[in-house]
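First comes the structure, then the notes that go with it.
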2 protein chains.
Amino acid sequence: MIIDCHGHYTTAPQALADWRDRQIAGIKDPAQMPRAADLHISDDEIRETIETNQLRYMRERGADLTIFSPRASFMAHHIGDFKVSSTWAAICNELCHRVANLFPEHFAMAAMLPQSPGVAPATCIPELEKSVKEYGAVAINLNPDPSGGHWTAPPLSDRSWYPIYEKMVEYDIPAMIHVSTSCNPCFHTTGAHYLNADTTAFMQCLTSDLFKDFPTLRFVVPHGGGAVPYHWGRFRGIALRMKRPLPEDNLLDNIYFDTCVYHQPGIDLLTRVIPVKNVLFASEMIGAVRDKDPDTGFYFDDTKRYIEAATTLSEADRFQIYEGNARRVYPRLDAALKARGL
Amino acid sequence: MIIDCHGHYTTAPQALADWRDRQIAGIKDPAQMPRAADLHISDDEIRETIETNQLRYMRERGADLTIFSPRASFMAHHIGDFKVSSTWAAICNELCHRVANLFPEHFAMAAMLPQSPGVAPATCIPELEKSVKEYGAVAINLNPDPSGGHWTAPPLSDRSWYPIYEKMVEYDIPAMIHVSTSCNPCFHTTGAHYLNADTTAFMQCLTSDLFKDFPTLRFVVPHGGGAVPYHWGRFRGIALRMKRPLPEDNLLDNIYFDTCVYHQPGIDLLTRVIPVKNVLFASEMIGAVRDKDPDTGFYFDDTKRYIEAATTLSEADRFQIYEGNARRVYPRLDAALKARGL
């Protein structure tokens, strides 16, 4: 079984973006603010957007199930206040829930949170609870920078984040650490801000005792861990210099890296440097990079091809990367699969 | 000949840090503001700090010459105003000039600039001119984020930076794109901010037409290019998606990556992905990572070992990385070497 731990609903019907545009207009002009109930998307529309996009590629490439969350760049937590984020997160999560309900064999849901700059993360708990209890979410996406590229929130080790972690531990769900659109002109969203956030979050963990306080907390650092595996020696050296344990001794019960790295040398490095038990198959399909590599004729984000071609991996390794690790990191997914006899 | 293109005077005599502390105190209390002339560092003190540190390691490891600039984390352009930065840059540059004068066979100088948040980069021209004309600087360090982790400056493609580029073209010198200390608690300076800045600067170039306006402009992206080589497929895919030329067709006459990557798999990836003509030997010794790897018994930042062990490199490749490329990217260094018959 091949589980892709990183997919977003980037192909939602246009009505969703239109509703969001009206909501953003409503921030300045309350008369224009739409109600959640004004959004109408039929099951057939959802089916069509999934079957002709993500599910088609999954079948072509041989992936079985995707952990599916709202479009990351559309979370845009920096827009409006908590109420705006709250309504938006509820709508987006419900849509992903419907995708998972319509295609239970192929999608499991992960929830976005209604984060908002300067607002306590604890305010996200009700949406998190609803997503897990009512929608069957197996994970959350946690944005370490709700400001969208201004980095005004405290590091992930700050106690203000702890209520989220307590709920994650209670429900035994991991968080993918995933920022959203950059509204800082310095940072290209998918080319700089995403990767920077991955590196930044890892370093916040390395320099803190977060996992002493939460020994079972699990973070998935997407996009192959940003710059982390490429600079693994640097991080080991910095840890030593800070008189802290080496990352391989201190962080790998809690931090996992996905395989959203879009060329063979990158995947080769990732699987050479990071223990197989910490690598989770993912493609972020359909995401930032959706064309074919003119050099190979294959899609950049068809990451299964690179895993297959990685010469240092055994079949047992590939099983861990494709399925075994995901069942361990996402126990609610494992339980759901077992309930279906899988 | 082995040229290390990335070294900082991290071992300057304590008097320098003491003077800087007094200068910082003087920002709030002008009565405490020291004059530049209050700093006294003898040639013998400089000799001692170099001979027992950088030069000792260069000899042990077999490097001949280091392009040597003021300590990057001490630039701290976010502290004080332009006048504070200006005095500080003048002092730090003069010290590096003295190092190069005392050890002309082993050090060539690169200059820091007196950048200051919100102040036009053009104000840095006099210090740049003095450094090249009077001090023999062969390069500059350019900080894309003088705010120290708040990223309030416009991208490097903004026209406010152009006066710097015009001078670089006039003098035929490259810039290393190098940030300084992070004063944003989200970003660890050497573990996150440095690497993020490298990735960010590369992406600012990829998404702009900067090198159309300055076809001969040359940037050295340090720390192995941040996340760039590891995610080379991602950058190629994003460029395609933006209907821009592929980075290998568009950026590699202008952008170079150093080898400050502190483990073998990282150097292997760098030299596999990035054309040899764009890789410059460097160690950033003595820098952020100054211990020995407990697994190998060798210094993390002894990057020559990794270059030597990279199986895909020929001797001709190593010559390019160690010397040939540096002579091309730093023509003023090449001229100085040739004037000495080298």
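Taken across segment B:161-170, residues that are within 30 Å of A:Met242 (Cβ to Cβ) and modelled with pLDDT of 95 or more do not occur at all.
When segment A:315-340 is filtered for residues that are open to solvent by 70 Å² or more (accessible area, probe 1.4 Å) and under 22 Å from A:Gly136 (Cβ atoms), the ones remaining, listed by number, are A:Arg328, A:Arg332, A:Lys338, A:Ala339, A:Arg340. When we screen A:Thr312, A:Thr296 for residues that are within 14 Å of another protein chain (Cβ to nearest Cβ), surrounded by fewer than 18 Cβ atoms within 10 Å (Cβ to Cβ) and in contact (Cβ under 8 Å) with a residue 40 or more places away in the chain, the only hit is A:Thr312.
Output the residues belonging to segment B:21-41 that are without any contact (Cβ under 8 Å) to a residue 12 or more places away in the chain and open to solvent by 50 Å² or more (accessible area, probe 1.4 Å). Those that are without any contact (Cβ under 8 Å) to a residue 12 or more places away in the chain and open to solvent by 50 Å² or more (accessible area, probe 1.4 Å): B:Asp21, B:Lys28, B:Asp29, B:Pro30, B:Ala31, B:Gln32, B:Met33, B:Arg35, B:Ala37. Going by the structure shown, is B:Val276 in contact with an Asp or Glu (Cβ under 8 Å, 6 or more places away or on another chain), over 18 Å from B:Met176 (Cβ atoms) and more than 11 Å from every other protein chain (Cβ to nearest Cβ)? The answer is yes for B:Val276.
With respect to (1) within 13 Å of chain A (Cβ to nearest Cβ); (2) in a helix (DSSP H, G or I); (3) under 30 Å from A:Lys243 (Cβ atoms); (4) open to solvent by 10 Å² or more (accessible area, probe 1.4 Å), the lone exception for B:Gly224 is condition (4).
Scan segment B:205-217 for residues that are open to solvent by less than 10 Å² (accessible area, probe 1.4 Å) and within 10 Å of chain A (Cβ to nearest Cβ) and the total you get is 1.
Screening A:Ser131 with (1) open to solvent by 10 Å² or more (accessible area, probe 1.4 Å); (2) more than 11 Å from chain B (Cβ to nearest Cβ); (3) assigned to a helix (DSSP H, G or I) gives one miss only, at (1). Checked against (1) open to solvent by 30 Å² or more (accessible area, probe 1.4 Å); (2) within 14 Å of chain B (Cβ to nearest Cβ); (3) more than 22 Å from B:His188 (Cβ to Cβ); (4) in contact (Cβ under 8 Å) with a residue 40 or more places away in the chain, A:Ser157 passes all but a single condition, namely (3).
Criterion applied to A:Phe281, A:Phe319 was being in contact (Cβ under 8 Å) with a residue 60 or more places away in the chain and under 22 Å from A:Val221 (Cα atoms), and the one residue passing it is A:Phe281. Scanning segment B:227-251 for residues that are open to solvent by less than 10 Å² (accessible area, probe 1.4 Å) and either under 20 Å from B:Ile3 (Cβ atoms) or within 12 Å of chain A (Cβ to nearest Cβ) (or both) yields B:Ala227, B:Val228, B:Pro229, B:Tyr230, B:His231, B:Gly233, B:Arg234, B:Phe235, B:Gly237, B:Ile238, B:Ala239, B:Pro247. Scanning segment B:97-114 for residues that are touching a residue at least 40 places away in the same chain (Cβ under 8 Å) and within 21 Å of B:Arg22 (Cα to Cα), we see that the one that is surrounded by the most Cβ atoms within 10 Å (Cβ to Cβ) is B:Met112.
For segment B:81-93, the criterion of a residue being without any contact (Cβ under 8 Å) to a residue 24 or more places away in the chain, closer than 24 Å to B:Val289 by Cα, exposed (fewer than 15 other Cβ atoms within 10 Å of the Cβ) and not small (Gly, Ala, Ser) is satisfied by no position. In segment B:181-197, the residue that is nearest to the other protein chains (Cβ to nearest Cβ) out of those that are among the β-branched types (Val, Ile, Thr) and assigned to a helix (DSSP H, G or I) is B:Thr190. Residues considered: B:Ile125, B:Ile67, B:Ile164. Of these, the only one that is open to solvent by 10 Å² or more (accessible area, probe 1.4 Å), of a type in the set (A, V, I, L, M, F, W, C) and more than 14 Å from every other protein chain (Cβ to nearest Cβ) is B:Ile125. B:Pro117 meets the stated requirement of being closer than 24 Å to B:Cys183 by Cβ, touching a His at 6+ places or on another chain (Cβ under 8 Å) and surrounded by fewer than 22 Cβ atoms within 10 Å (Cβ to Cβ).
Residues that are aromatic (Phe, Trp, Tyr) number at least 1 in the following helices (runs of 4 or more DSSP H) confined to segment B:227-342: B:232-241, B:303-309, B:315-319.
Every condition in (1) touching a Pro at 6+ places or on another chain (Cβ under 9 Å); (2) more than 7 Å from chain A (Cβ to nearest Cβ) holds for B:Ile267 except the one numbered (1). Does segment B:51-58 contain at least one residue that is touching a Pro at 6+ places or on another chain (Cβ under 8 Å), aromatic (Phe, Trp, Tyr) and within 27 Å of B:Ala197 (Cβ to Cβ)? Checked segment B:51-58: no residue is touching a Pro at 6+ places or on another chain (Cβ under 8 Å), aromatic (Phe, Trp, Tyr) and within 27 Å of B:Ala197 (Cβ to Cβ).
The values are calculated or read from the model by the stated rules, or taken from the named source; none is laboratory data. Values in this document were obtained by computation on a predicted structure and should not be read as measured data. Counting neighbours? That spans all protein chains shown, and the Cβs are built from the backbone with ideal geometry, glycine included. Surface areas here come from the heavy atoms of the whole protein model, side chains and all, with no ligands, DNA or RNA. Shrake-Rupley method; radii C 1.70, N 1.55, O 1.52, S 1.80 Å.
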